[in-house]
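Reviewing the structure listed below.
The values are calculated or read from the model by the stated rules, or taken from the named source; none is laboratory data. All values reported here derive from a predicted model rather than from experimental measurement. Neighbour counts are summed over all protein chains in view; Cβ atoms, including those assigned to glycine, are modelled from backbone coordinates with ideal geometry. Areas reflect the complete protein model, heavy atoms only, side chains present, ligands, DNA and RNA absent. Shrake-Rupley method; radii C 1.70, N 1.55, O 1.52, S 1.80 Å.
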Amino acid sequence: MTDDTETLTRFAPDSGTEVALPVHTDLLRLATAGSVDDGKSTLVGRLLHDTKSVLADQLDAVHRASADRGLSTPDLSLLVDGLRAEREQGITIDVAYRYFATAKRTFVLADTPGHVQYTRNTVTGASTAQLAVLLVDARKGVLEQTRRHAAVLALLGVPRLVLAVNKIDMVDFDESVHAGIAAEFTEHARALGYADEHVVTVPVSALHGDNVVERSERTPWYTGPSLLEHLETVPVAPDPHDVPFRMPVQYVIRPRTTEYPDYRGYAGQVAAGVVSEGDEVVVLPAGIRSRVAKVDTPDGQVPSAAAGRSVTVLLEDDVDVARGDVIVAAENQPRVTDEFDATLCWLAEKPLTPRARLLVKHGTRTVQAMATELTTRFDEQELSGVDSPEQLELNEIGRVRLRTSESLPVDEYADSRRTGSFIVLDPSDGSTLAAGLVGVPLAPLAASVNH
Amino acid sequence: MTTEAIMDQNLDLSEDPATSEAPPQVDNLDALESEAIHIFREVAGEFDRPVILFSGGKDSTVLLHLALKAFRPAPVPFPLLHVDTGHNFEEVLRFRDELVSRHDLRLVVARVQDWIDDGRLTERPDGTRNPLQTQPLLEAIEQNRFDAVFGGGRRDEERARAKERVFSLRDSFGQWDPRRQRPELWNLYNGKHRAGEHMRVFPLSNWTELDVWRYIQREKIELASLYYAHRREVFERDGMWLTSGPWGGPREGEEVVEKTVRYRTVGDGSCTGAVESEAYTVDDVIAEVAASHLTERGATRADDRMSEAAMEDRKREGYF
Ligand SMILES: Nc1nc2c(ncn2[C@@H]2O[C@H](COP(=O)(O)OP(=O)(O)OP(=O)(O)O)[C@@H](O)[C@H]2O)c(=O)[nH]1
Ligand SMILES: [Mg+2]
């Protein structure tokens, strides 16, 4: 073994020591992003390794696989690049989800691919993230793919970014290289709508571990926290919560048993706001008014339930409610419409053309739809709009006018991630074509269509 | 709208979320439970003939517990499917049958033994039947026209599983193509499939082994007894403690000893090992899992040690 392998000591906790159970209510969901080979998977592997989240048999497997490949040091990216094709090609193809905890926080980590061909998988990993670690290779700086990912992150509303200037070892830990990249990126992020204080830059070496978990002595000019220290302490941004109670109905629970002859409950996950017994609600799209008789859960009745909770709502009146309907607070209702502006992130090889037949799944309702107009294509490199494109191609972001066969109760994505998002499906084979967002939740795109 | 007004709508990124009033955070287990229940209900709403894979093991017991909660006070609207290797632990089978009758469920059993008896499958030289489960599973899915199959797989179990979607589409040969997975955005699951295709659905995707045990503790879920420490006659093979059963016993030179052990996973008895353990209660198990330096599969499953991509290869063919 070389010196380097010795620094990767195996995690072997002394038996008999007290183990602090990593149990928190404090959870951060994060995703990696950045161009191919910038070191995302290596960084994730390093983070897992240095926080002792890698178990001995997993680490053994990585040692063995690295040796098989003739490497003198273990390749920590093999901890996450779990598919055969990924290991053969040395790239990430699909998202890997990893779960780890430190004394301060629990993390759900999505390691996403950098290759442009797999951007759809990056979008998958980022769609639920509260923070993204965007990597840049210090030798290469901000690349086309870095800007594409930054645009996707801004569009999806990922509230916080960390710019990790990686491979700092390859530029002799040079402060000016770091400063140059940081300045260029911060300005770009600002143009995308990010406030400066929500973009933090850290110089790291994923390969050697500098500033990943421990602060490095080789970057004395850097006075900020290590990446992990930042991840442990950054405030977790909640989803936007500007709208009151919303719940798409998933399923109608009617036991029809002798014990529950008349029970009729509407099962769903609270998508926004809070629902309480006695609340006045409206069932959309029909617009029927009623009152919440009871908020039921699998553990019994509760006075109220907040966003994220799976519940069963019982209403006072005997109204007709089915899967696909949305129960909402009466005082502040979403717009019910069969025509609206939306932003699409197109994820299919087959381009979107105007008037093509589509399906839209919004909440629990799937309806036929058509993009009657492609208004603007977003140039994610120049952060400008291109008017009336002929089509929207793979990985392109664009503003469209959508018409649906039935009315949908929609909120703006900027106000509510859950009720402002939808997916676009291909009616011919059911595949997923696009991520859809109601409105134009991307500052430079919104500005460019303002005329 | 003015530019300012439009920019205003997009201020979410720059507004400091810490200062605005946030909805109360739910406990991690509550969030995982709500997510799993949401997944069960989506499938019930979008598919015609779902089924729950159920072996009587810990993950499938937790899966069933969540299904019961998702539709309460109505019964679970799906049957169960067990792919029986014939290499079962007696107490797990008994536990399986007891749960089925307690909750008045319907159980479909596909037997690997039947396939061996009539020559459609041949016993492997190593006697292991886990890889033989794929064909009986796929046939049962086809014959019963199941269009959604719930599995207890978790992403933390294995590197290939870490890559799988919650809704994982299988083609008409039951195969998984990891290079062509659909994007899975937010919590909007795409249940569309063509005739002959089916969906594998994993409600426990985001749970870790420790989450499962903490949930078992919190919900007081009863498990097959072999998950807790007990005395058992075992012999050592490939660094694992195996036990005798219908699958055979010790080979020459393998000495039988009595030890206090428990199982971390339960599968084909010929390749599922026990671990030495003094964990008699769920609290003991949680302490043990938290301190363990081996993954549950690494510790106890010979079938996953075979090659770097053993799990991926089996999944591609249509395995769980
Ligand atoms: N010198 C040096 N090399 C690094 C560093 N981080 C990563 N590498 C190397 O860069 C190469 C690519 O690393 P990966 O982690 O696979 O890159 P990635 O960003 O995950 O790539 P994709 O997922 O395919 O987009 C590997 O050979 C790594 O060993 C670093 O900090 N310093
Ligand atoms: Mg990678």
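Results for (1) open to solvent by less than 10 Å² (accessible area, probe 1.4 Å); (2) closer than 25 Å to A:Ala150 by Cα, shown as yes or no for each residue.
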site: A:Ser77; (1), (2): no, yes
site: A:Gly82; (1), (2): yes, no
site: A:Glu86; (1), (2): yes, yes
site: A:Gly90; (1), (2): no, yes
site: A:Ile93; (1), (2): yes, yes
site: A:Ala96; (1), (2): yes, yes
site: A:Ala101; (1), (2): no, no
site: A:Leu109; (1), (2): yes, yes
site: A:Thr112; (1), (2): yes, yes
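Within the stretch A:91-108, the residues that satisfy the criterion of being within 13 Å of ligand 2 (Cβ to nearest atom) and either in contact with a Lys or Arg (Cβ under 9 Å, 6 or more places away or on another chain) or within 9 Å of chain B (Cβ to nearest Cβ) (or both) are A:Thr92, A:Ile93, A:Asp94, A:Val95, A:Ala96, A:Arg98. Test each condition in (1) assigned by TED's automatic domain parsing to the domain that holds B:Ile39; (2) farther than 18 Å from B:Phe54 by Cβ; (3) at pLDDT 95 or above for B:Gln217 and report the one that comes out false. Looking at each condition in turn, B:Gln217 falls short on (1). Return the residues of the stretch A:358-407 that are in contact with a helix residue (DSSP H, G or I) (Cβ under 8 Å, 6 or more places away or on another chain), within 21 Å of B:Glu184 (Cβ to Cβ) and open to solvent by less than 10 Å² (accessible area, probe 1.4 Å); say none if nothing qualifies. Across the stretch A:358-407, the qualifying residue is only A:Ile397.
Only one entry in A:Gly125, A:Gly193, A:Gly141 is within 16 Å of ligand 1 (Cβ to nearest atom), within 13 Å of chain B (Cβ to nearest Cβ) and not hydrophobic (A, V, I, L, M, F, W, C), namely A:Gly125.
Counting just the residues of the stretch A:270-291 that are in a strand (DSSP E or B) and in contact with an Asp or Glu (Cβ under 8 Å, 6 or more places away or on another chain), which one comes out nearest to the other protein chains (Cβ to nearest Cβ)? Break it down stepwise before answering.
Here is the first cut: in the stretch A:270-291, the ones in a strand (DSSP E or B) are A:272, A:274-276, A:280-284, A:288-291.
Now drop any that are not in contact with an Asp or Glu (Cβ under 8 Å, 6 or more places away or on another chain), which leaves A:272, A:280, A:283-284, A:288-291.
Numbers: A:Ala272: 9, A:Glu280: 20, A:Val283: 16, A:Leu284: 17, A:Ile288: 20, A:Arg289: 24, A:Ser290: 21, A:Arg291: 22 Å.
Out of the qualifying residues, it is A:Ala272.
Taking the criterion of being under 14 Å from B:Gly45 (Cβ atoms) and in contact with a Gly (Cβ under 9 Å, 6 or more places away or on another chain), the only residue of the stretch B:59-80 that qualifies is B:Ala74. In this structure, B:Glu219 does not qualify as buried (at least 16 other Cβ atoms within 10 Å of the Cβ), among the acidic types (Asp, Glu) and free of Cβ contacts under 8 Å to residues at least 12 places away in the same chain.
Listed here are the residues, each with its yes/no results for (1) within 11 Å of ligand 1 (Cβ to nearest atom); (2) among the hydrophobic types (A, V, I, L, M, F, W, C); (3) within 19 Å of A:Leu394 (Cβ to Cβ); (4) within 12 Å of chain B (Cβ to nearest Cβ).
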site: A:Leu131; (1), (2), (3), (4): no, yes, no, yes
site: A:Leu153; (1), (2), (3), (4): no, yes, yes, yes
site: A:Leu161; (1), (2), (3), (4): no, yes, no, yes
site: A:Asn166; (1), (2), (3), (4): yes, no, no, no
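Would you mention how many residues in the stretch A:75-98 are within 13 Å of ligand 1 (Cβ to nearest atom) and more than 22 Å from B:Ser292 (Cβ to Cβ)? So the count comes out to 15. Screening A:Ser72 on (1) away from ligand 1 (no atom under 13 Å from the Cβ); (2) at pLDDT below 85 shows it passes everything except condition (1). Residues that are modelled with pLDDT of 95 or more, in contact with a Lys or Arg (Cβ under 7 Å, 6 or more places away or on another chain) and within 9 Å of chain B (Cβ to nearest Cβ) do occur in the stretch A:432-447, at least one of them.
Hey, among B:Ser101, B:Ser60, B:Ser34, which residue is of a type outside the set (Phe, Trp, Tyr), assigned by TED's automatic domain parsing to the domain that holds B:Phe167 and open to solvent by 20 Å² or more (accessible area, probe 1.4 Å)? Exactly one of B:Ser101, B:Ser60, B:Ser34 is of a type outside the set (Phe, Trp, Tyr), assigned by TED's automatic domain parsing to the domain that holds B:Phe167 and open to solvent by 20 Å² or more (accessible area, probe 1.4 Å), namely B:Ser101. Could you tell me whether any residue of the stretch A:168-190 is small (Gly, Ala, Ser), under 23 Å from A:Ala446 (Cβ atoms) and open to solvent by 10 Å² or more (accessible area, probe 1.4 Å)? The answer is no; no qualifying residue exists.
For the stretch A:408-443, filtered to residues that are charged (D, E, K, R) and under 19 Å from A:Met370 (Cβ atoms), the residue that is least open to solvent (accessible area, probe 1.4 Å) is A:Asp426. Filtering the stretch B:166-185 to residues that are at the interface with chain A (Cβ under 8 Å from one of its Cβ atoms) and open to solvent by less than 20 Å² (accessible area, probe 1.4 Å) leaves B:Pro178, B:Gln181, B:Pro183, B:Leu185.
Within the group A:Val249, A:Val200, which residue is touching a Gly at 6+ places or on another chain (Cβ under 8 Å), more than 12 Å from every other protein chain (Cβ to nearest Cβ), modelled with pLDDT of 95 or more and more than 16 Å from ligand 1 (Cβ to nearest atom)?
Details: A:Val249 fails: more than 12 Å from every other protein chain (Cβ to nearest Cβ).
Exactly one of A:Val249, A:Val200 is touching a Gly at 6+ places or on another chain (Cβ under 8 Å), more than 12 Å from every other protein chain (Cβ to nearest Cβ), modelled with pLDDT of 95 or more and more than 16 Å from ligand 1 (Cβ to nearest atom), namely A:Val200.
Of all positions in the stretch A:27-41, at least one carries a residue that is assigned by TED's automatic domain parsing to the domain that holds A:Gly114, more than 16 Å from ligand 1 (Cβ to nearest atom) and not charged (D, E, K, R). Counting only residues that are over 20 Å from A:Leu48 (Cα atoms) and assigned to a helix (DSSP H, G or I), the stretch A:70-95 holds 4 of them. Could you tell me whether the stretch A:392-408 includes any residue that is over 19 Å from A:Val123 (Cβ atoms) and assigned to a loop (DSSP other than H, G, I, E, B)? Checked the stretch A:392-408: no residue is over 19 Å from A:Val123 (Cβ atoms) and assigned to a loop (DSSP other than H, G, I, E, B). Do we have A:Glu197 as farther than 23 Å from A:His49 by Cα, among the charged types (D, E, K, R) and out of contact with any Asp or Glu (no Cβ under 9 Å at 6 or more places or on another chain) here? Here the answer is no, as A:Glu197 does not meet what is asked.
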